[in-house]
Every structure is written in C-alpha cells, then in structure tokens.
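**Q** Below is one structure. I have some questions about it.
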Amino acid sequence: MNRRRLADIRAGTSDDAKAGGSGYLVGRNLVLTTRRVAVDDSGQRWPRLEVWLGHPADGLRRPWPASLAWEDGILDVALLRIECEAIPGDSSVRWGWLVGSDPVNYVGVGFPCLAGYESGHGVERLCGHLSALGAAAHGGYILDPFVASDSNAASTWGGAPGTALFCDDLLIGVVAKGDQTTGDLRPLAVPVHWVLADPDFAQLIAEDTGVLPVTEALELKGLLRPPTGPHRAQTPGSLLATAIEAVNFTGRDTLLSDLAIWRSSPLPFAIALIIAESGQGKTRLASEFVRRTRDHCWVAGFTSPTPGNITVGGVKKHDRVLLELATRLRTSTRPVLIVADDVETSLDDITIIADELVNDPPMSAIRLLLLSRAAGAWWENLANALPGDIAQLIELEPLAANALERRDAYTAAVTGLARHLTELPQSAIAGEPAAPWTVLAVGLCEDPPDLSDTRLGNALALQMTALVHLLALAAGKQPTQLGGHEEQDLIHHERSYLYRVAARCGLLNNGRVSTFSKPDDRTQKAETALDRALATIILFGPSDFGLAHNIGTTAAYRSAEDVINWLAALYPPAGDALRIGSVQPGQLAEHLLGAVLTDHTDLLDQVAGFVNDRSHAMAVLLALVRTAAHPEFAAIGEQTRYLIVNRPALFAEAAVLHATAFEGATSLREVL
C-alpha cells in the first residue's frame, strides 16, 4: 500500500459537503471507492465531487475535481476519474484474491468521518483477519476490524466506506457497509476479483495503466510469477522475446482445444509435458493457454525462478518451502494451472510437489504444464513413478508446415515487428531508416522472399528472418538470400545497437570504461569490456543488486554502476527485487554468449568467483550447455569442461543434475 495513493473523498452540493469516504488511486487517474460516496440516496450523482490524495501527515494536500467513470449499483463499487499530478513509481497496483482456507491478515487506511470541503479529516488504520471461507449472506469478505487511529483525537469505527484493503501488497477488497437487508451490520468488503470480472472495469484500468489487470492468488504469491502486461522492447533483438508479443498469436487452435480438455478432466492432479526445439513457440503457446485459463476463473501462471518469497516458520528453507507450497496447492479453493518453463532447471522441485499431490490429492483441480526442448530420461522416470494416466507427453509441431502457411506467418511477423520497431528508444540502425518501418513492411509483404526453406517452419527462425529483412531494407540494402546466416546478421545488428546505446550513455569515449589515449583504441577496448558484462548477465539470467554489481565489475570496476545502468536499460528487470533482467529470446542470447566467449576464453574464471549457490551454478552451466550445442560454438564445450574440472566444489553437483536432465549434455557426461 502506497500512502501517497490514499484518497479522501468528499461530495455534495456546490457549497456543502454531504457525503464522504475513502478510496485508493489504482492507476494514473482512476480512484477505486464505494458508489455510495459519489451518489445521494436516490442514486443521483452529487454535483460536486473532490478527491484529496495522500496522508495528512505527509504535508499539504490539495483537492482534485473528480467525475464518476464507472459504477456498479449492486456491488456498491465505483471508479472516479481525476486529473492529478503524476505520483512517482509504478502507476498500477497488484490485484489479489484469497484461495486458501486459513485466515490471512489485512490492512487498510481510511477516512471515516464526514468533513467539510476545506476541513481536516480523521484517519483510521484498519487491520484484522479474513478468510475466503467466511462470507456474508450476499457474499463478500466479513471483516473483524481492529481500528487504530492515526490522529490524536479518539476515533471510533465509522465504516470508512471505500477503504482499499491489502494483504501482503495485494489489493483484495473494498470496504462497504453492512448488509441492511439481512440485519448483518458487520463491515464487509467487496472482493476485487468480482469487479475485475466486469469487462468495462478491466478495460478502464488497462487504458489508465497500460496493463490489463490480472488477479493473483495471495496464498500462491511466492510460487507464481507476478503477471505483467506486454513489455516494451529496448533492443531490436528483444522484439523476438515472448514477453514482448510483437507478433500476434495465431494458430494452434486444435492443440489449445486439446489442452482445455486435459485441464477439464476429472483427475484431481495431472501433468503434461510439451516438447519442441528452441524457438518453436512453446512459451508463447503456454502464455496463451494461461490467459484463456484465467478466463475460466482458474488461478494460472508461470512459476517464479525460485519460490523464495514464502517463509515457513520464520526461515526460508528450500525443501520446507516446497512442502508448504504443496500444502497450499492441496487446500486451494480454486483450481490451479502452473506452467514450468525450462523444466530441466527445477526437476527436484517438480518431483517434490508432484509426489505430495499424488499422495494426498488436492481439494480442487491442479494442472502442471511443463515445457522443455526434449523429453529426457527424467521424464520417463517421472511418468513411470506416477499412477495411471496422470502424465501426458505432447510434441509441438512446426507452426508453419507449408509455403502458404509460412507466407502468412512471415506477413504477420513483418507487420508486427515493423510496428514495434518505431517504439525503440533510439533508431534500430545507425541513422534514420530509408523509409518508415510500416512502408518497408508493406514492400516485404507484397513481394516476400523465397520461403520454401523448411527451417522457417520454426516460429522464431521465421520471425528472426523477417526482422533481419526489415533491418537490411532500413539500411538501404536488399535482404540477402536465405542461407542460414540470419542469426549472425541479427547478432551483428544487436551488438551494434548495444554499442550505440553505450556511446549515448558516455561509456565509450570518456575514459569511464577504457583509459586508452587514442580514441579508436579507447572505443574498441570499451566495447570489448562491455561484451564481458553482457555475456555474464546471459550466464546468470535475471540478477539481484548484489550479483548485478559483480557483473558490472567484469567491464570496469570503478564504473561498475554505469555499466549496470546500461544493462538494466537494455534488459529491464521484471520486479523490484531485481536490478537487471534477462536477455531474450534464448536462442539470441546463446549466439551472443558464444560470440563473446570465443574471444574471451578467460571470462569463465572471473564468472566462477560470483557463483555462491547451486542456483547460480545451474544457471551458468545451462547457458553454457545450450550455447555449446550450436555447431559454430562447439569449442564452448571445452571451456565448460575446464570450468567443472577446476571448480568441482562449485559446479560438480550442477553438472550431475544437468547431465541427467539434458539428452544433449554430452560434454557434461564426458567430463563426469
């Protein structure tokens, strides 16, 4: 809860305040509150409506004129629109709902007493317990509030209608008055997932924040990745990342229908594994399935990198956390779909949770969807250990199987990528494009290249080709004939873009990264140093503040923070706990990593000094194994073997786990 977003609402005639209440700024200009604050007893809107933002203790506040943007007379909830000054920080809130059976703590701050337009106002802090299993006659959360006044004067509970209630930073309800029709005068709260089900409400929030609101399950907050809206790419290559959604999702209708049938089966618990080569669209398919599953009132999402946000008994112990997660899944009041991408990196976690749910079936349906490049021995072992038909294997076919389908997919890729190229922070090429991106796209769509190569059945390969063609035309060149060099062409464009951003940040020529006296030598040395930092973030993946500092030192110790800022701007983190995000898509990251390690054979020795737990070792070895799998980077396998042999305390255990999980991890099995 951000106290600067607290809303003190006053309404009435032009001269006299007749009603008052509380609310919360849930976007840039929208305030969530109760409807009865904005209308009189006959349902007519008050002619004067004002919102004072913030807590009185934080200093001088001012009123903002407001208007009623949306209302629900049955739920007694409303959205007010105000034109206020921007509040620093993220403009969106995280929405939550309760899916467990145990009571949880809530907190809220409201303004319960009616005040004049210019008078002061009492402030009350609400806290207590509520449960998804306790409901009033017409639904809603029953509150057992303990009220603590934030003002000096004594205060009693006055309902504070419109107060936003939070559980662990998730907005879960809006305070309403007791149910007069049943004589139940206890304070109630309207669950926010009820109002989010209204498409008009959800659309208003999406337009105001830029993010379609998604409800998170409070009890599973540590297991599932926080939902976010489409990200904005900061580099040309990042346009190909699944999270950007630069190209509209098409096809896969039959498979999505099959997955829906699997989801709706009567089994209390079931697992499915989708396998396909890199770039075939596994993650994008799963993202679409998650979105559709949420529309059916399921809890659905991707697993967090590590379930470290849940504390058990005051201590974060990995196995205890997993057992607690299994318990929460088992007792969930709502069905749950969990997607685990790159499942090889979390096989132990998946096995523990699966065993728990098989031995003690959940109350509501639980579905576990796994994504992998191949079904190794680990899958056979897991499937054989599970009873009956709980485990199912699905092989993902190419998205475009023939030339006609490839042409349609190429047209969609060129069109979507051109639209997003205009949104990059700076030009995707050195200088301005030869023509507007949309014009270049039209030309490629009207006269597409030869798309008969069956490699282009791979979704990422096709989109990578479309992007390379657009970049070539923008630079005044004709797209080259297909010959398997699209990855190298894109790597060249990507690295050039990264260097231009670095120059714009002042990292190349002012001695912050390189102190060489000659400008050309200084620039070349700085670019080489920045390559080392780029490769290191690819090896570790999303990095917290401590690891990010170490990554920055691989380029320049004294200017490490400048290097970190450069990387974070190019690859923004997905949450507040992270400093730098990941380089995506994976295939692009592997080619970038391979190119740098080929020139910097000493880098892995430095990187090994940053590895302080098994998750770090697993991440580094996974990136190395996948990079060495590309024929042009086979020599990386020798670097990987050297790393394990010389640092067995750090990497031997991770090598064993990866060697048994990946059918293609030949180099690891040889060194073991």
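The values are calculated or read from the model by the stated rules, or taken from the named source; none is laboratory data. Everything numeric in this text was worked out from a predicted model, so none of it was measured. Here Cβ is always computed from backbone atoms with ideal geometry, including for glycine, and neighbour counts include all displayed protein chains. With ligands, DNA and RNA removed, areas are computed over all heavy atoms of the protein, side chains included. Shrake-Rupley method; radii C 1.70, N 1.55, O 1.52, S 1.80 Å.
**Q** Just name one of Thr254, Pro227, Gly27: the one whose Cα is farthest towards the positive end of the charge dipole of the chain (beta-carbon charges, Lys/Arg +1, Asp/Glu -1).
**A** Gly27
**Q** Give me the percent of the accessible area of the chain that comes from carbon and sulfur atoms, probe 1.4 Å, all protein chains in place. Write out the running numbers ahead of the final one.
**A** Numbers: 14970 of 29250 Å².
Roughly 51 percent of what the probe reaches on the chain is carbon or sulfur.
**Q** If you roll a 1.4 Å probe over the heavy atoms of the protein chains, what accessible area per residue do you get for the chain, in Å²? List each step's numbers first, then the result.
**A** Values: 29250 Å² over 672 residues.
Here the per-residue accessible area is 44 Å².
**Q** For Glu207, project a label point 7 Å along Cα to C-beta. Then give me every residue of region 30-67 with its amide nitrogen under 13 Å of that point.
**A** 30
**Q** To continue, here is another question. How long is the gain from Thr454 to Ile261 if the chain were fully straight, where each residue apart is worth 0.36 nm and the alpha carbon distance is subtracted? Spell out each step's value before the answer.
**A** Values: separation 193, 0.36 × 193 = 69.48 nm, distance 3.10 nm.
Gain on stretching Thr454 to Ile261: 66.4 nm.
**Q** Further question on the same structure: At a Förster distance of 45 Å, what's the computed FRET efficiency of Ser364 paired with Glu423, Cβ-Cβ distance as r, to 0.05? Don't skip to the answer; put the middle values down first.
**A** Working: r = 41 Å, r/R0 = 0.90.
That gives a FRET efficiency of 0.65.
**Q** Right, next: Under a 5 Å amide H to amide H cut-off, with H placed in plane at 1.01 Å, what residues pair with Arg48 once short-range neighbours are removed?
**A** The answer is Gly12.
**Q** Kirkwood Rh over alpha-carbon pairs of region 528-569, then Stokes-Einstein at 25 °C and 0.890 mPa s: what D in µm² s⁻¹, rounded to an integer?
**A** 254
**Q** Starting from the Cα of Ala634, step 7 Å along the direction of its Cβ; do the same at Thr13; then give the gap between the two resulting points in nm.
**A** Label at Ala634, label at Thr13, 8.9 nm between them.
**Q** Follow-up. By how many nm would the segment from Leu386 to Arg500 grow when fully extended, if each residue of separation counts as 0.36 nm and the alpha-carbon distance is taken off? Working shown, then result.
**A** Values: separation 114, 0.36 × 114 = 41.04 nm, distance 5.31 nm.
Fully extending the segment from Leu386 to Arg500 adds 35.7 nm.
**Q** Moving to a separate point now. Across region 531-662, how large is the tail of the calculated P(r) beyond 23 Å, expressed as a percent of all Cα pairs?
**A** Values: 2309 of 8646 pairs.
Every Cα pair in region 531-662 considered, those over 23 Å come to 27 percent.
**Q** Whole Å is fine, so just give me how far the alpha carbon centre of region 602-632 lies from that of region 412-481.
**A** When both Cα centres are located, 33 Å separates them.
**Q** Output the relative contact order of region 583-636, whole-number percent, from Cα pairs under 8 angstrom with separation of 6+ residues.
**A** On the way: 24 pairs, mean separation 24.3, N = 54.
Relative contact order of region 583-636: 45 percent.
**Q** While we're looking at this one, here's another question. Convert each backbone phi in region 408-416 into a coupling constant with the Karplus relation 6.51 cos²θ - 1.76 cosθ + 1.60 (shift: θ = phi - 60°), then list the ³J(HN,Hα) values in order as whole Hz, x for Gly and Pro.
**A** Residue by residue, region 408-416 yields 4, 5, 5, 4, 5, 5, 4, 5, x Hz.
**Q** Also: Counting only C-alpha contacts under 8 Å and six or more residues apart, can you give the relative contact order of region 507-550 as a whole percent?
**A** On the way: 21 pairs, mean separation 11.5, N = 44.
In percent, rounded to a whole number, it is 26.
**Q** Separate question: Need one number: convex hull volume per residue for region 342-424, Cα atoms only, in Å³.
**A** Measuring per residue, one finds 179 Å³ for the Cα hull of region 342-424.
**Q** What is the distance in Å between the Cα centres of region 231-271 and region 41-68?
**A** So the two Cα centres are separated by 42 Å.
**Q** Run through every distinct alpha carbon pair of region 225-305 and return the Kirkwood hydrodynamic radius in angstroms, one decimal place. Could the numbers behind the result be given before it?
**A** Details: mean 1/r = 0.0697 Å⁻¹.
Answer for region 225-305: a Kirkwood hydrodynamic radius of 14.3 Å.
**Q** Right, here's the next one. With a cut-off of 14 Å, note down the residues of region 599-636 whose backbone N falls inside the zone around a label point 7 Å from the Cα of Ala374 toward its beta carbon.
**A** 625-631
**Q** Taking region 505-597, which chymotrypsin sites (Phe, Trp or Tyr not before Pro) meet the DSSP loop condition and have no more than 12 other C-beta atoms within 10 Å?
**A** On the way: sites: Phe516, Phe540, Phe545, Tyr557, Trp566; in loops: Phe516, Tyr557.
Here the sparse-neighbourhood loop sites are Tyr557.
**Q** In nm, to one decimal, how far is the Ser278 label point from the Ala649 one, both placed 7 Å along Cα→Cβ?
**A** 3.2
**Q** Still on this structure: On C-alpha positions alone, give me the angle between the axis of helix 282-294 and the longest principal axis of the chain, in degrees, nearest 10.
**A** 10
**Q** Starting from 0.36 nm per residue, how many nanometres of slack lie between Val107 and Glu397 once their C-alpha separation is accounted for?
**A** On the way: separation 290, 0.36 × 290 = 104.40 nm, distance 4.91 nm.
Full-extension gain reported as 99.5 nm.
**Q** Remind me, relative contact order of the chain in percent, using alpha carbon pairs under 8 angstrom and six or more residues apart? Please report the intermediate quantities before stating the final value.
**A** Numbers: 1221 pairs, mean separation 60.4, N = 672.
Here the relative contact order equals 9 percent.
**Q** Also, quick follow-up: Could you compute how fast region 403-481 diffuses translationally, taking Rh as the Kirkwood radius over C-alpha pairs and applying Stokes-Einstein at 20 °C with viscosity 1.002 mPa s? Give it in µm² per second.
**A** Values: Rh = 12.6 Å.
In µm²/s, the coefficient is 171.
**Q** A follow-up question, please. What is the projected area of the convex hull of the Cα atoms of the chain, averaged over all directions, in nm²?
**A** Values: hull surface 133.9 nm².
Reported value for the Cα convex hull: 33.5 nm².
**Q** Sticking with this structure for a sec: What accessible area, in Å² to the nearest ten, does a 1.4 Å probe give for His193?
**A** Estimated to the nearest 10 Å², His193 gives 50 Å².
**Q** Between the helical axis of 486-504 and the dominant principal axis of the chain, each derived from Cα atoms, what acute angle in degrees is found, rounded to the nearest 10?
**A** Helix 486-504 sits roughly 60 degrees off the main axis of the chain.
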